[in-house]
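Following: one structure in structure tokens, then a few remarks.
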Amino acid sequence: MQEAGLSNPRKPNINVSKTDAVREALERNFLLVCARGDCKEEAAAVRDGRTVVPASAPRHCAVCGGSANQRAVEEMLRACQVRGWRRLCVVGGSPNARTALTQLIGRDLDLKLVDGTMSRSKGQADSDLGWADVVIVWGSTQLNHKVSLLYKGPNVVQMARRSIQELAKSVTRASAQAKRTQA
């Protein structure tokens, strides 16, 4: 803070009017990272001159912001944008997981959520398959086999893990695989 001209060693406090400048100086010089292994790995790869220091709480982590789901969804959104995907259909998941996913994605993708416990016709499934750039069949969640068996095709990704983070990672991987297939 002294080098930035924001403090004086003879004074014990910093004027409150300098709060924003102090925050900016700290962000320029330090990278706060939580204890999660993947956040530490990503921070270690950053070569911008900042010193990596432990975050006092996960919400202060510069990598994940305290939410592995949010981080994974942001990566998924970037991958979808690069791939040109605008429409995602998710089959299955609990009502709470679908709500959380909707909030995390916001308006960055057109999202169709299919309740895996409600009966669907082949025509409805075919419509979903035709509409979506990618369809995720979210296994190990609230999903009846009668519903999941309707979703087959080149744009369908089957996954067997429950978390939103894993769903987002599956879409990101599918985007990368689709890119390699076309190359």
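Any read-out appearing in this document is the output of simple, stated calculations on the displayed coordinates, not a laboratory observation. No experiment lies behind these values; they were computed from the predicted model shown. Neighbour counts run over all protein chains shown; Cβ positions are idealised from the backbone, glycine included.
Okay, here's what the table says:
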quantity: Part-to-part distance (alpha-carbon centres) for the range 1-33 and the range 131-183, which is given in Å; calculated: 47 Å
quantity: Amide H contacts under 5 Å for Leu31, placed H, 5+ residues apart; calculated: Thr51, Val52, Val53
quantity: Two-site FRET efficiency, Glu75 against Asn29, from Cβ-Cβ distance with R₀ of 25 Å, rounded to 0.05; calculated: 0.45
quantity: Extension gain, Arg59 back to Asn155 (0.36 nm per residue minus Cα-Cα distance, nm); calculated: 31.1 nm
quantity: Label-zone membership for the range 134-153, site Asp110, 7 angstrom Cα→C-beta point, backbone N under 13 Å; calculated: 134
quantity: Cα-based equivalent ellipsoid, the chain: semi-axes from gyration tensor eigenvalues, Å; calculated: 44, 17, 14
quantity: Helical contribution to [θ] at 222 nm, DSSP H n ≥ 4, -39,500 (n - 2.57), averaged over the chain, rounded to 500; calculated: -13500 deg cm²/dmol
quantity: In nm, spacing of pseudo-spin labels at Ala176 and Thr102 (7 Å Cα→C-beta vector); calculated: 3.1 nm
quantity: Residues with amide H under 5 Å from that of Ile136, placed H, sequence gap 5 or more; calculated: Cys89, Val90, Val91, Val157
